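A.B. asks: This is the structure, below, for whatever I ask next.
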Amino acid sequence: MSQLPNVHVTTDAITDLAVDVLVVPVFRGAIEGPGTDTALRAVGLSEVPRDASFRGKPGEVLHLAAPGQPWGRVTLVGLGRLDELDTAMVRRAAGAAIRSLVTSATTVATTLPLVEASVGSIQAAAEGALLGAYRYEDARGTPSPARLTDVTLVVPSSLAEGAAEALHLAELHARAQCVARDLVNAPPNRMGPEEVAAYVTELLDDRVEVEVWDEERLRAERCAGLLSVADGSARPPRLVRLRYRPANPVASVSLVGKGITFDSGGISLKRPSTLMDAMKGDMGGVAAIVGVFAALPDSRVRVEVHAELCLAENMPSGSATRPSDVVTYRDGTTVEVLNTDAEGRLVLADGLILAAESDVDAIVDVATLTGAVSAAIGRHAIGVFANDDDLLRQLLTAGEEAGEPSWHLPLWEELSEGLESDVADLRNIGDKEQGAGASVGGLFLRHFVDGTPWAHLDIAGASWRNSERDHLSKQGTGVPARTLLCWLEQAG
Ligand code: BES
Ligand code: MN
Ligand code: ZN
């Protein structure tokens with residue numbers, strides 16, 4: 001992972017801070033935030049400059065020179081409307097400001113945590129700063145230039161006591177998200193199923209229980225989905241099973257991840273091929289779960305957490321699965337594969353069956369499952385499906401806390417008819433007329449959880465971006481690692 005800056009807090013006056021850049025908040029309508037007046041007067045301005053490119057909208061930045069001041073520069077960052085301010089906006093603004101400075105400043109200080117006097121806003125500002133500083137550098141031949149090392153958060157003295165815990169949580173959550181980003185961003189020739197399994201083993205082995213099933217074991221265990229999807233690839237599939245056991249756990253959950261290290265569509269080849277490069281990110285579900293596990297040993301999570309990471313590559317070849325092939329799962333279910341591009345649900349079925357067998361209290365699967373989820377709720381949001389109202393509400397609340405937009409989508413019973421096969425128990429796609437592709441995918445998955453309380457997060461949109469924005473980087477976003485951590489921290 002790229003080196004993230006150190007984040008500190010201070011209760012000193014901003015005029016006593018010697019840093020390269022001071023970041024101060026501005027709301028829509030040129031409304032100044034904490035410290036903004038002092039900073040503006042120091043650079044010789046009596047008010048927020050009228051600049052066509054800066055209106056105080058969320059994430060906008062304006063850099064001003066500050067000759068003769070303790071800070072070399074002042075950066076104004078927009079927070080949108082004052083009456084709509086929330087903690088998520090603090091995270092976004094900190095991310096946008098730091099992202100704009102990460103290659104040009106070594107030390108930055110900001111008054112952003114002061115806009116909302118809460119420990120949560122200290123954590124959010126720190127998370128935003130860390131996430132905004134992230135860059136993927138592992139595949140460059142030349143080392144990256146000198147860059148940001150230290151971010152200082154100005155906090156009210158009344159909150160200084162809780163600040164250490166807030167910084168600890170921020171570092172944990174940001175690290176989880178950046179581990180997830182690294183995995184998504186890694187080129188698929190470097191990170192096939194075996195390499196991901198090796199990476200996870202290396203990252204976690206001495207901290208949580210790690211078990212890797214190779215193709216031989218997968219055959220013995222009748223994990224038909226992983227084997228079928230991997231049939232067209234020169235790279236064998238892997239199932240990575242993780243277990244985090246805190247002392248006296250209050251509950252147990254299993255996280256099941258889709259880990260298609262590259263999705264070409266298989267024999268049902270994707271078109272147009274010009275958009276296929278983003279399919280290196282088809283293991284975003286596994287990536288987020290690995291991020292969570294990287295954080296768990298240092299967290300206060302009291303829940304026993306299992307993971308089933310379903311890793312395979314989906315390629316066309318003479319040995320690939322054909323549309324109309326039927327596969328038989330370890331629970332006896334037979335599935336007719338009518339479209340080899342609906343491969344995520346095939347590998348997840350193996351993970352869900354194993355999760356249900358392990359008798360956990362709840363199962364949550366995380367998957368870049370359908371393009372349809374983006375059509376329904378947008379690229380930025382996570383679609384949440386569930387067979388259990390409590391679990392659903394917990395996850396939506398966690399998404400809000402994490403600032404990762406999540407929306408409940410339906411599992412209409414009548415859509416299940418589309419999954420009826422002429423020859424097998426199920427087919428892996430719905431019928432063309434019915435629409436609601438994200439829900440149909442969810443209903444397919446539900447079949448395998450055997451009544452266990454379960455939720456499905458479709459992150460096909462949210463785990464990838466074509467542009468940077470706020471605290472989110474290009475390509476892998478690392479979503480929903482923080483939503484999952486918030487959820488696990490709340491339980492117990
Ligand atoms: N990995 C894709 C879904 C996807 C699409 C992820 C866009 C990220 C961005 C998945 O395997 C897939 O191909 N889904 C099909 C399902 C269909 C064949 C039922 C889809 O969405 O078209
Ligand atoms: Mn696919
Ligand atoms: Zn896929």
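The values are calculated or read from the model by the stated rules, or taken from the named source; none is laboratory data. Please read these numbers as outputs of a predicted model, since none were measured by experiment. Ideal geometry is used to build each Cβ from the backbone, glycine not excepted, and the neighbour counts take in all protein chains shown. Heads up: the accessible areas ignore ligands, DNA and RNA and are worked out on the full protein's heavy atoms, side chains in. Shrake-Rupley method; radii C 1.70, N 1.55, O 1.52, S 1.80 Å.
A.B. asks: Give the residue, chosen from Val256, Val292, Val286, Val229, that is farther than 21 Å from Pro323 by Cα, within 16 Å of ligand 3 (Cβ to nearest atom), touching a Leu at 6+ places or on another chain (Cβ under 6 Å) and part of a helix (DSSP H, G or I). It would help to see each step written out before you state the result.
C.D. replies: On the way: Val256 fails: part of a helix (DSSP H, G or I); Val292 fails: within 16 Å of ligand 3 (Cβ to nearest atom); Val229 fails: farther than 21 Å from Pro323 by Cα.
Residue meeting the stated conditions: Val286.
A.B. asks: Give the range 336-360 a look and list any residue that's away from ligand 1 (no atom under 11 Å from the Cβ), in a loop (DSSP other than H, G, I, E, B) and either touching a Pro at 6+ places or on another chain (Cβ under 7 Å) or of a type outside the set (D, E, K, R) (or both), or say none.
C.D. replies: The answer is Ser358, Val360.
A.B. asks: Being out of contact with any strand residue (DSSP E or B) (no Cβ under 7 Å at 6 or more places or on another chain), on the phi < 0 side of the Ramachandran plot and more than 16 Å from ligand 2 (Cβ to nearest atom) is the filter here; which residues of the range 330-355 pass it?
C.D. replies: If the condition is that a residue be out of contact with any strand residue (DSSP E or B) (no Cβ under 7 Å at 6 or more places or on another chain), on the phi < 0 side of the Ramachandran plot and more than 16 Å from ligand 2 (Cβ to nearest atom), then Arg330, Asp331, Ile353 are the ones that fit.
A.B. asks: Within the range 185-198, does at least one residue satisfy the condition of being within 24 Å of the chain's Cα centre (by Cα), over 18 Å from Met279 (Cα atoms) and without any contact (Cβ under 8 Å) to a residue 24 or more places away in the chain?
C.D. replies: Going through the range 185-198, the residues within 24 Å of the chain's Cα centre (by Cα) turn out to be 185-198.
Add one more test, that the residue is over 18 Å from Met279 (Cα atoms), and what stays is 197-198.
Still in the running and without any contact (Cβ under 8 Å) to a residue 24 or more places away in the chain: 198.
Taking every residue of the range 185-198 in turn, at least one turns out to be within 24 Å of the chain's Cα centre (by Cα), over 18 Å from Met279 (Cα atoms) and without any contact (Cβ under 8 Å) to a residue 24 or more places away in the chain.
A.B. asks: Considering (1) within 12 Å of ligand 2 (Cβ to nearest atom); (2) within 15 Å of Leu227 (Cβ to Cβ), say which one Lys270 fails and leave the rest.
C.D. replies: (2)
A.B. asks: Give the number of residues within the range 199-226 that are surrounded by fewer than 17 Cβ atoms within 10 Å (Cβ to Cβ), assigned to a helix (DSSP H, G or I) and more than 24 Å from the chain's Cα centre (by Cα).
C.D. replies: 4
A.B. asks: So if I check each of Arg175, Arg135, Arg181, which one is open to solvent by 30 Å² or more (accessible area, probe 1.4 Å), under 18 Å from Phe293 (Cα atoms) and in contact (Cβ under 8 Å) with a residue 24 or more places away in the chain?
C.D. replies: On the way: Arg135 fails: under 18 Å from Phe293 (Cα atoms); Arg181 fails: open to solvent by 30 Å² or more (accessible area, probe 1.4 Å).
Result: Arg175 is the single residue among Arg175, Arg135, Arg181 that is open to solvent by 30 Å² or more (accessible area, probe 1.4 Å), under 18 Å from Phe293 (Cα atoms) and in contact (Cβ under 8 Å) with a residue 24 or more places away in the chain.
A.B. asks: Could you figure out which of (1) open to solvent by 10 Å² or more (accessible area, probe 1.4 Å); (2) within 19 Å of the chain's Cα centre (by Cα); (3) away from ligand 2 (no atom under 16 Å from the Cβ); (4) charged (D, E, K, R) isn't true of Glu308?
C.D. replies: (1)
A.B. asks: Turning to a different aspect of this structure: Suppose we keep only residues that are among the aliphatic types (A, V, I, L, M) and in contact with a strand residue (DSSP E or B) (Cβ under 9 Å, 6 or more places away or on another chain) within the range 263-283. Which one would you say is nearest to ligand 3 (Cβ to nearest atom)?
C.D. replies: First pass over the range 263-283, keeping only residues among the aliphatic types (A, V, I, L, M): 267, 269, 275-276, 278-279, 283.
Then keep just the ones that are in contact with a strand residue (DSSP E or B) (Cβ under 9 Å, 6 or more places away or on another chain); that gives 276, 278-279, 283.
Values: Met276: 11, Ala278: 11, Met279: 7, Met283: 9 Å.
This residue is Met279.
A.B. asks: Just to be sure, is Leu167 farther than 30 Å from Ala97 by Cα and either open to solvent by less than 30 Å² (accessible area, probe 1.4 Å) or assigned by TED's automatic domain parsing to the domain that holds Thr106 (or both)?
C.D. replies: Working: farther than 30 Å from Ala97 by Cα: no; either open to solvent by less than 30 Å² (accessible area, probe 1.4 Å) or assigned by TED's automatic domain parsing to the domain that holds Thr106 (or both): yes.
No.
A.B. asks: Please find, within the range 295-334, the residue that is farthest from Thr201 (Cα to Cα) out of those that are within 16 Å of ligand 3 (Cβ to nearest atom) and assigned to a strand (DSSP E or B). Spell out how you get there, then give the answer.
C.D. replies: The initial filter retains those residues of the range 295-334 that are within 16 Å of ligand 3 (Cβ to nearest atom), namely 309-316, 320-321, 323.
Now restrict to residues that are assigned to a strand (DSSP E or B): 309-314.
On the way: Leu309: 12, Cys310: 15, Leu311: 14, Ala312: 17, Glu313: 19, Asn314: 23 Å.
If we take residues in the range 295-334 being within 16 Å of ligand 3 (Cβ to nearest atom) and assigned to a strand (DSSP E or B), then Asn314 is farthest from Thr201 (Cα to Cα).
A.B. asks: Also, quick follow-up: Could you check how many residues of the range 239-297 are within 15 Å of ligand 1 (Cβ to nearest atom), surrounded by fewer than 23 Cβ atoms within 10 Å (Cβ to Cβ) and polar (S, T, N, Q)?
C.D. replies: Count: 3.
A.B. asks: Can you find even one residue in the range 408-428 that is within 12 Å of ligand 1 (Cβ to nearest atom) and open to solvent by 10 Å² or more (accessible area, probe 1.4 Å)? Steps first, answer last, please.
C.D. replies: Residues of the range 408-428 within 12 Å of ligand 1 (Cβ to nearest atom): 418-419, 427-428.
Checking the rest, the ones that are also open to solvent by 10 Å² or more (accessible area, probe 1.4 Å) come to 427.
Among the residues of the range 408-428, at least one is within 12 Å of ligand 1 (Cβ to nearest atom) and open to solvent by 10 Å² or more (accessible area, probe 1.4 Å), which makes the answer yes.
A.B. asks: Mind telling me which of the residues Gly162, Gly80, Gly141 ends up being of a type outside the set (Lys, Arg), over 21 Å from the mean Cα position of the chain (by Cα) and on the phi > 0 side of the Ramachandran plot? Write out each step before concluding.
C.D. replies: Working: Gly162 fails: on the phi > 0 side of the Ramachandran plot; Gly141 fails: on the phi > 0 side of the Ramachandran plot.
Checking each option against the conditions leaves just Gly80.
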